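The values are calculated or read from the model by the stated rules, or taken from the named source; none is laboratory data. Quantities reported herein were computed from a predicted structural model and do not represent experimental measurements. In this analysis, Cβ positions are derived from the backbone assuming ideal geometry, glycine residues included, and neighbour counts consider all displayed protein chains.
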């Protein structure tokens, strides 16, 4: 377990749209008999949140690939924000997660919609930009979201097929919790939702 202290900067890997957070307060806590920390964190894009290290998936802000260091290597690792909008995030493609883990990560991306604040949250999660409208117009974001959603549908179908072959019980466990938009895509595969 990583020990956090006030002033540390982090990212919530399950909610990248929140941006970087700075810890304001740390308290010792116990969850299900295990010692952990309760953190009060102010996020760039989502304000003040209280998180438990026993539950939240946290990483140090400097450890994310999009915040790689300077120099030629850091520059080479940066992705163009326009391209980043169209990419399926690594957590949904990572072969070390296994098919059911990738299915879960892919289905979680359906929480974003192409409208209002959700569109901006999606763009921030995809690019790491604090203010996506500083880089793109709303129309550009909407168009890229439509293209992303088509790719996401194809990816979900591929991952669901693989997961169904290797772990049908895991698929049934995951599909109970997926957003309705993901369930609609899965129904096309005749996967019970």
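In the range 141-193, how many are surrounded by fewer than 18 Cβ atoms within 10 Å (Cβ to Cβ) and assigned to a loop (DSSP other than H, G, I, E, B)?
Qualifying residue count for the region: 9.
Please enumerate the residues belonging to the range 65-96 that are out of contact with any helix residue (DSSP H, G or I) (no Cβ under 6 Å at 6 or more places or on another chain), at pLDDT 90 or above and closer than 21 Å to residue 10 by Cβ.
89, 90, 94
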